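Chemist: Before I ask anything, here is the structure I am working with.
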Amino acid sequence: MRRPVIVVHGGAWHIAKAELEANIAGCRAAALTGWERLLSGAGALDAVEAAVRVLEDDPSYDAGRGSYLNRLGQVQLDAIVMDGQTLDFGAVAAVERVRHPISLARLVMAQCAHSFVVGPGAEALAEHLGMELCDPADLMGKQDAGSWAPPLPTEVSDTVAARPGDTVGAVALDLAGHLAVATSTGGTPDKWPGRVGDSPLVGCGAYADDAAGAAAATGSGESLMRIVTSKTAVDLMAAGHSAQAAADLVLARLWDRVRGYGGVIVIDPAGTIGLAHNTPNLAYAYVTRGGGVVAGAEASPISTPGRAAGLAAVMV
Ligand code: GLY
């Protein structure tokens, strides 16, 4: 009998010991929310959207309510959702008044002639489509606006640019055999206003194709974009690699080609899961075919080249 599958992540980065439990618990709750949808017959798109909404509401993560502030002390959010059956996707970037960017991305996909809408135009579209906008202050769950420091110099600091964030994502296979992926992020801490990373870019932060697999990426967007991480992982599965091998190989490429840090979760069309990262932690959860939920903050086994260097760089 076919069983649905869902995997979620809460970001590849260094999770402080005191925050580990909350990060793992949030992923568990998100995976179970998506799983219940799948069991009740909902499609993979519904499941990944529902799972990511849970993570967007949780201030533990750099998405929705817990997002990092940019250099002007603002939250600017990016998200994408993609349907593996049709290859259709919807994405938004740099939105400041949207509580659930993943749901706006879904609305863009379902109700808009365009695929990717950004900034004030995306917020106007949200209102046009009946979505209530929120107060930007409602999104500042991780750090209060009062802690914001004055703008930094105009140069992008290397250390900030290289620091992985804790973007969230979900991939799912539904009872009908369709795949979907969703990714949502607040981007990197202290980012330049208007900066957009890999997360909302089709093929970079997310990709899903029923014929090959689905993948969601996390980590340093400036690196992940360069190797089109999620599409690369899906292409590796299309070429015959297992889900775990595809996850390992794409992380190896991220390190070998661009010295990038990050993580990826993947599912193949049969529902086999792969998961890899070269950062100290990747909070994740998935539901096994028997309905048991597995959650943690370390992939096992971790075979990704570059991880040792990643540890040394990120732990400082
Ligand atoms: N991976 C999230 C970002 O770089 O924005």
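The values are calculated or read from the model by the stated rules, or taken from the named source; none is laboratory data. Since the structure is predicted, the reported quantities are computational estimates derived from the model, not experimental observations. We place every Cβ from the backbone using ideal geometry, glycine too, and count neighbours over all the protein chains shown.
Chemist: Could you check, for segment 276-284, whether at least one of its residues is in a loop (DSSP other than H, G, I, E, B), under 27 Å from GLN74 (Cα atoms) and not β-branched (Val, Ile, Thr)?
Modeler: No, segment 276-284 has no match at all.
Each row is one residue, and each column tells you yes or no for (1) near the ligand (Cβ under 9 Å from one of its atoms); (2) over 15 Å from the mean Cα position of the chain (by Cα).
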position: ALA216; (1), (2): no, no
position: SER220; (1), (2): yes, no
position: LEU224; (1), (2): yes, no
position: LEU236; (1), (2): no, yes
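Chemist: Let me spell it out: the conditions are (1) touching an Asp or Glu at 6+ places or on another chain (Cβ under 9 Å); (2) away from the ligand (no atom under 11 Å from the Cβ); (3) more than 13 Å from HIS277 (Cα to Cα), and ALA246 meets all of them except one. Which number is the exception?
Modeler: (3)
Chemist: Another question, if that's okay. Among (1) modelled with pLDDT of 95 or more; (2) near the ligand (Cβ under 10 Å from one of its atoms), there is one condition THR188 misses while meeting the rest; what is its number?
Modeler: Unmet condition: (1).
Chemist: What pairs come out if I take residues in segment 274-289 that are modelled with pLDDT under 90 and pair them with residues that are basic (Lys, Arg) whose C-beta lies under 6 Å away, six or more apart or interchain?
Modeler: Pairs found: ARG289/ARG3.
Chemist: Among the residues of segment 1-45, which ones are of a type in the set (Gly, Ala, Ser), out of contact with any His (no Cβ under 9 Å at 6 or more places or on another chain) and touching a residue at least 12 places away in the same chain (Cβ under 8 Å)?
Modeler: GLY10, GLY11, ALA22, ALA25, GLY26, ALA29, ALA30, ALA31, GLY34, GLY41, ALA42
Chemist: Within segment 86-120, can you find the residues that are part of a helix (DSSP H, G or I) and of a type in the set (D, E, K, R)?
Modeler: Selection gives ARG106 alone.
Chemist: Sort out which residues of segment 15-49 are surrounded by fewer than 24 Cβ atoms within 10 Å (Cβ to Cβ) and either closer than 23 Å to ALA105 by Cα or touching a strand residue (DSSP E or B) at 6+ places or on another chain (Cβ under 6 Å) (or both), and write them in order of number.
Modeler: Residues satisfying the conditions are ILE15, ILE24, ARG28, ALA29, LEU32, THR33, GLU36, ARG37, GLY41, ALA42, GLY43, ASP46.
Chemist: Next question, about the same structure. Could you tell me which residue of segment 24-62 is nearest to ALA126 (Cα to Cα), considering only residues that are modelled with pLDDT of 95 or more and touching a Leu at 6+ places or on another chain (Cβ under 7 Å)?
Modeler: ALA47
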